[in-house]
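What follows is a short report on a single structure.
A short reminder: the numbers here are calculations on the coordinates, not readings from a lab. Worth saying up front: this structure is predicted, and the values here are computed from it rather than measured. All Cβ positions, even for glycine, are placed from backbone atoms using ideal geometry, and neighbour counts span all protein chains on display.
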C-alpha cells in the first residue's frame, strides 16, 4: 500500500492500531483468567484472532482515510464536513468489516468469540474505533500543517535575512571599483609593467568581492589575503603617503567575520582623512583571538562632504544579521577605532 512509504505516519498508525486492538479486547483477555461466565466457551485462539482482525481492520480504516481525505497532506483543507463524512464512512466500514468477520467465522470456521456479550459490545467498539481513527488522522493533519507553516515562516525569515544581507553588501562595492579603475587608468599611461601587476591584484580583489559565499562569513586568514591585495592597490595610488601596520596573531586566523569587513574600514579611513606629503596616513590593523581593531589618527580632509556613516551602519547591520553581535566604534585621543568581534 502506498501509505506505507509515509514512514512517520506508518509508525504512528501501527502503534495506534496495536494499542487499540489490545484495549478493545481487554475485557475478553481479562476474562480468560476468570471463571468464563461472561464469555462462555471462549478460547485463547478466539481472542488472539479477534485482536489480529481488529489490528488489520484499523490499518485498513487508516489507509482509506489517508487515501480518500489525504489527512497526511498538510496543505489540504479539511473542514468539519470532511470530518463528518470521514467519521460516517469509517463507522460504516468498521461495522461491515465486523459483519464480514462474523460471516467468515460461521461459514469458514475462523476462530472468533461467540458470546452474546461480545456481540453486544460491537456497536460500542465501532464507535470507539471510528472516533480514534478519525481523531488520530485529524491530529496528524494538524501536526503536518503546523510543521509546514513553521517551515515556510522559517524559510521566509531566512530569505529575508539573505536579501537584507545582499542589499547591504551590494552598497559597499562601487566605491572600491571606481577608485581602482581611476588608478589603473593613470598607471596604464605612466608605467605598463606596474599596470599589469596592478591588474593582477585588482583581479584578486574583484574575485574575492564577487565570490558566492553561502555562509556569508570568511576566516580572518582569507580576509587578510584579500586585504593585502587591496592594500597594494591603495599603495599604488597613494605611494608613501599611506602606510599600514598589520599585527595579526596566529590564533585569530581561523576565526570568522563578514567578508570585506576590514576592507570597508580601510576604505573609510582613506575616504575621510587627508593623505598627503604633509600629513601621511597610518592605518593600524590588529587582530587577537577574539577581535580585530582597525584604527587611524584623525586628520579630516579640509574639503569633504559630511560622512553619511552608511559603511559603518551596513557593517553593523551585517554583524547583527549574521552573528547577533555588535561592532564597537570609538574616538579617543584623536584616534578613530572600530572593533570587530571574531566568531
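Numbers for the structure displayed
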read-out	value
Alpha-carbon gyration tensor eigenvalues x 5, square-rooted, for the stretch 171-341, Å	25, 20, 15
Protection proxy ranking, peptides 243-252, 20-29, average beta carbon neighbours within 10 Å, highest first	20-29, 243-252
Fewest-first ranking of 202, 184, 104, using other Cβ atoms within 10 Å as the exposure measure	104, 184, 202
Separation in nanometres of the label points that stand 7 Å from Cα toward Cβ, at residue 145 and residue 207	5.4
Neighbour-count ranking [beta-carbon atoms within 10 angstrom, fewest first] of 129, 266, 88	88, 266, 129
